[in-house]
Structure formats: C-alpha cells, structure tokens
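The values are calculated or read from the model by the stated rules, or taken from the named source; none is laboratory data. The shown structure was predicted, so the numbers you read here are calculated from the model rather than taken from an experiment. Note that we place each Cβ from the backbone using ideal geometry, even for glycine, and neighbour counts take in every protein chain shown. In case anyone asks, the SASA skips ligands and DNA or RNA and just uses the protein heavy atoms, side chains included. Shrake-Rupley method; radii C 1.70, N 1.55, O 1.52, S 1.80 Å.
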Amino acid sequence: MDGGCSLPLPDAYLDFLKENGIDPSIYVLCDSTPRYIRIKPGSEDQVQEVEDEIKCKLEKVVWLPGFFSIPPSIQISSLKAYQGGKIYGMDAASGAAVWALNVSPGDHVLDLCAAPGAKLCMLLDLLGRSGSVTGVDVARHRLAACRTMLQKYALGDHCRLFVADGTTFSLLPLGTQWDTESCAPETEEKMNAFKEWTPRRPWKERKRASKARNNNASELVPGAQEPDMIFYGRCSGVVGLTKNGVLKISSDNEALHFGYDKVLVDAECTHDGSIRHIQKFEYWGWKTLQRRVLDAQRTDTLTHLQLQLLINGFRLLKAGGSLVYSTCRCHTFKLLFLAELQEIDAAKNWPCRSGRIPKTLRFDPSTSQTSGLFVAKFTKTVS
C-alpha cells in the first residue's frame with residue numbers, strides 16, 4: 001500500500017490476524033483511511049457547498065445512498081453544513097447495518113445500542129413522518145449526546161430515548177393495540193400524563209429525579225433500574241400517557257404480537273476488527289494492545305454481552321419482524337440462537353465477503369477501508 005510503513009504489531013496480534021484471515025498490511029501508519037459523511041435527505045444541494053469549503057470533490061459511496069467519503073484531514077465539525085444540521089459523520093459500515101434493516105414508513109424500530117446517535121438519526125430519516133424509533137443505551141452521558149443530535153437535526157418527533165440495560169429492556173412500542181391506556185377513563189393519574197417534552201423540566205421534577213438516582217445504590221448494576229426516559233417526541237406515542245403506561249413491562253407473548261417491526265443491535269465491539277482503533281495504539285503503546293484487545297477474559301465478557309443483547313433484541317421483535325445484528329470484531333462469533341438467518345438483499349454491491357456463518361457478511365477492512373464489521377440479519381417466525 002502507498003506509504004508502506006507497517007505498524008509494529010505485537011507477535012500475538014499478528015498470529016491473531018493470521019488465524020482470522022486478515023492481511024496485516026492493512027494496518028498502516030499513514031492516515032489513509034477515509035472519513036464518511038451522510039447528507040440529510042432534502043439537503044443534497046449541500047454537496048457543492050461542502051466541496052467549495054474543503055476545496056476538493058466529495059467521493060460518492062456508490063453502494064450506500066446518501067454517503068460520501070472525505071479526506072481524513074478534514075475536520076467535519078468546522079464545516080458550515082455540519083454546523084447547520086445538514087450533514088453528519090458516520091462510518092459507511094455502520095450506515096450499511098442500518099440500510100440492511102430495510103426500514104419502511106410506519107415501522108416501529110428499536111435501536112438497542114443507540115449511542116452516540118448517528119444510526120439513530122439515519123433510522124429516523126428513513127422512517128419519515130410515521131411509526132417510531134426507540135433508542136436505548138446504558139450510558140446516560142452518551143444517550144444525552146443522542147438527544148442533542150436529535151434536536152440539532154430536527155429528528156426527534158417520532159423518537160423516545162431510554163437510559164437502560166439493553167440486555168433486560170422490556171418496553172414495547174407505543175401506539176399499538178398493546179397500548180390501551182390512552183383509551184382509559186380520566187383519572188387523577190391521567191391528569192398527570194406526559195405533556196409535550198421540554199428540555200427545561202420543572203425544578204421540583206428535576207430535583208426528585210436526581211434524588212432518586214442518587215439514592216439508588218444499584219444504579220451502576222446493569223438491569224437493576226427501571227428504564228429512565230430522558231427524551232420523547234410529540235409524535236412518539238408518549239404524550240398523553242402516564243408513567244405507568246410508558247413503563248409497562250411486556251411479556252414474551254405480548255412482544256410476539258405487538259413488538260417492534262425492526263430491531264437494530266449494533267453491539268459493543270471488541271475493537272479487534274477496527275483499523276482506526278488499532279491505529280490508536282501508536283499513541284497508547286503497542287505493548288498494551290494484547291492486554292487491551294486480546295485479553296481472553298475481556299473477550300469472553302464482551303461475547304456474553306453481545307449474545308445477551310442479541311437474544312433480548314430478538315425477544316422484543318414481533319412475529320415477521322427483522323433484526324440486524326452487527327459488531328466490529330474479527331473473532332468468530334457462534335450464533336447459538338434459534339432464529340432464521342436472512343440474506344441481506346441490499347448487500348449485493350457492498351465491499352464485503354461472506355462470513356464463516358452462511359448468510360452473514362463481514363466488511364473486509366482492506367477493501368472497504370472501514371471497520372471490520374460483522375453483519376447478520378434475522379427474521380422472527382412462529383412455528
């Protein structure tokens with residue numbers, strides 16, 4: 001490759017790459033990996049403006065609508081189109097995972113690992129003015145960044161955000177037959193229903209919420225808290241409901257009939273398949289790579305988390321619905337799961353190859369210049 005200076009990868013990592021069929025020459029010291037932006041639908045006229053500003057032509061990603069690559073030296077945050085909410089940065093492989101979901105207007109969609117928010121924005125762009133998107137993430141500060149993106153890009157009307165453990169999250173979409181509270185008679189509790197969301201909640205309400213979090217000793221224990229809704233749009237189905245209605249826990253049978261039409265599980269990565277992440281060890285120290293990436297206990301813990309997210313996402317899917325699972329990793333991941341794998345029709349022209357599991361895909365970093373993303377698509381059938 002141009003630049004030619006291979007990274008000083010540890011022997012253990014070189015052995016790992018060989019076991020997984022990855023050419024070490026893709027990890028080069030030079031900054032050749034492009035960055036990607038997505039043009040917000042309706043803002044296609046911004047392409048010329050961006051090209052004038054960066055003084056070079058945007059390269060259209062022919063296999064992924066709305067995406068363009070830009071030189072890695074360009075700071076997206078400095079562009080006027082970014083500041084004006086017309087474009088956002090998003091890895092092309094992540095965009096492909098969203099595109100594989102084949103979202104249709106009217107769908108109720110669950111993004112089970114929503115932060116930092118680019119996938120959430122793309123889902124809402126594809127959804128249009130109907131249906132809903134529910135975003136979940138266990139990290140409050142990262143989900144707050146999602147909320148900021150929704151407001152910046154004016155995409156929050158059909159969305160709600162929950163701070164929650166994605167492995168135990170059990171709330172179904174609102175506005176379905178499963179939601180009956182909106183037809184309930186007027187009660188004192190009903191009078192305290194959610195009004196249209198505002199970032200400035202009453203001081204007493206904010207104080208109560210803060211006190212509840214501080215008094216909950218189990219806050220940092222995954223799955224120990226009920227979901228905390230930190231944002232909801234005026235068309236998300238929340239307005240007019242009470243807390244009990246919004247936080248109504250579902251059974252498996254209810255999920256089967258009234259669950260989500262589409263679920264995206266972009267699970268936490270092991271990072272071993274990411275060019276950009278491995279390049280960071282130039283600064284972090286190559287001696288720490290094996291401990292921070294290849295440690296067996298860390299890998300086992302993440303594998304368990306990824307599988308639990310996949311299982312719970314599938315549980316919340318309605319019969320006939322589709323789930324796309326993606327994660328950045330080179331390790332072989334055995335899908336010990338009773339589900340029907342689907343062909344990803346949109347992937348015919350993608351720069352990827354078949355995974356070791358039939359019907360799954362793996363983005364090859366040497367051809368796509370993106371993260372080594374693993375993608376699988378499931379459908380939920382009833383026997």
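Residue pairs whose Cβ atoms lie under 7 Å apart, sitting 6 or more positions apart in sequence or on different chains, and linking a residue in the range 52-74 that is open to solvent by less than 30 Å² (accessible area, probe 1.4 Å) to a partner that is polar (S, T, N, Q) and part of a strand (DSSP E or B), are VAL61/SER69. Figure legend. Inter-residue proximity from the range 152-172: first residues without any contact (Cβ under 8 Å) to a residue 24 or more places away in the chain, second residues in a strand (DSSP E or B) and open to solvent by 10 Å² or more (accessible area, probe 1.4 Å), beta-carbon distance below 7 Å, spacing 6+ or different chains. No pairs are indicated. Within the range 334-383, being open to solvent by less than 30 Å² (accessible area, probe 1.4 Å) and at pLDDT below 55 holds for SER368, THR370, SER371. Just to be sure, is VAL47 β-branched (Val, Ile, Thr) and either at pLDDT 70 or above or within 22 Å of LEU64 (Cβ to Cβ) (or both)? Yes: the conditions hold for VAL47.
Residue-by-condition table, conditions (1) open to solvent by less than 20 Å² (accessible area, probe 1.4 Å); (2) of a type outside the set (Val, Ile, Thr); (3) assigned to a loop (DSSP other than H, G, I, E, B):
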site: LEU120; (1), (2), (3): yes, yes, no
site: ASP125; (1), (2), (3): no, yes, no
site: HIS141; (1), (2), (3): no, yes, no
site: CYS146; (1), (2), (3): yes, yes, no
site: GLY156; (1), (2), (3): yes, yes, yes
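Checked against the criterion of being of a type in the set (A, V, I, L, M), surrounded by fewer than 20 Cβ atoms within 10 Å (Cβ to Cβ) and farther than 24 Å from GLN306 by Cβ, the range 167-174 has no qualifying residue. SER130 meets the conditions (1) surrounded by fewer than 21 Cβ atoms within 10 Å (Cβ to Cβ); (2) more than 21 Å from VAL238 (Cβ to Cβ) in every case but one. The failed one is (2). When the criteria are applied in full, GLY85 fails the requirement of being without any contact (Cβ under 8 Å) to a residue 60 or more places away in the chain, closer than 20 Å to VAL50 by Cα and open to solvent by less than 40 Å² (accessible area, probe 1.4 Å). Only helices (runs of 4 or more DSSP H) whose full extent lies in the range 262-323 are considered here, and the ones with at least 1 residues that are at pLDDT 80 or above are 296-315. For the range 91-114, a residue qualifies if it is modelled with pLDDT of 90 or more and either of a type in the set (D, E, K, R) or open to solvent by 10 Å² or more (accessible area, probe 1.4 Å) (or both), and the qualifying residues are TRP99, ASN102, VAL103, SER104, PRO105, GLY106, ASP107, HIS108, ASP111, CYS113.
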